[in-house]
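Read the structure below first, then the notes.
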Amino acid sequence: MSDDRRSDPAGTVYGSRRPGLPQDPLMRIALGVAVVGVLLGLFFAAGVLGGSGDERPVVPAAAVPTPAASGSSAAAPTTQAAPTTPAAPSPTTAPTSPQAPANGPKVLRSVPSGLCLGLESDQQQAKAQLAPCTGGPEQQWTAGQLAPDAVALTVIAYGQCLDVEGASTDDGAKLQQYPCHGQGNQQWRLQPAGPGAVLLVAVHSGKCAQPEGAGTQPGTKLVQAPCTGAPEQQWSAG
């Protein structure tokens, strides 16, 4: 039997070859590709490259709807008009109060002559006439209110009222003093007729007191006549 002893150096270990990379280049490339694929799969699974599955896609800002205001429509707001200043009211003419004898006795002067309303005597039914102004009590008259626009004219000296004789409505009916009873022929409207002047209008007839014949002499009797506003029908209180 032949001796097969090997002449290997001492300490040499005999057995199967240790595992290692394949010597074939194609096998090495295939192995490298497989390893890279496994690593990429692990990275994606761990969220390193692809991110977690819980992330939501990013929506562009232009695509996000804006919530409408609660309780209001989408209509554009209306512009309020500026408040307008109300026009000032037109001035109204204040009612003219009668320029009558008031707050005490007054004399009544005829405008054309400057003579005063007096009486021919102290007797009842004495006629009214023009007289030179003395300011005596027989020429002083007080105006007592009988209605909203009517007064009684009472002479201080005798306590009687200016009266249209017989309550006549005729032109030329004379004026006199008579005991006061407040009827229409003793009621007078003192109607403004110019600066500081009035008309003496008898309520029962609507006619005006004036000197007879538009006279300007002392002693001229007073009568009623249709109202014209002429100077002879104008009287001033003073």
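Structure notes:
- Exclusive hit being aliphatic (A, V, I, L, M), touching a Cys at 6+ places or on another chain (Cβ under 6 Å) and at pLDDT 95 or above, set Val223, Val201, Val164: Val201
- Residue ranges of strands (runs of 3 or more DSSP E) in the stretch 186-238 with at least 2 members out of contact with any Gly (no Cβ under 8 Å at 6 or more places or on another chain) and within 18 Å of Val164 (Cβ to Cβ): 188-194, 197-202, 208-211
- Hey, Pro148 farther than 19 Å from Thr220 by Cβ and either modelled with pLDDT under 95 or not assigned by TED's automatic domain parsing to the domain that holds Lys221 (or both) or not: yes
- Residues of the stretch 127-154 satisfying the condition of being within 20 Å of Gln191 (Cα to Cα) and either in a loop (DSSP other than H, G, I, E, B) or in contact with a Cys (Cβ under 9 Å, 6 or more places away or on another chain) (or both): Gln140, Gly144, Pro148, Asp149, Ala152, Leu153, Thr154
The values are calculated or read from the model by the stated rules, or taken from the named source; none is laboratory data. Every value quoted in this text rests on a predicted model; they were computed, and no experiment measured them. Please note: Cβ atoms are built from the backbone with ideal geometry, for glycine as well, and neighbour counts cover all protein chains shown.
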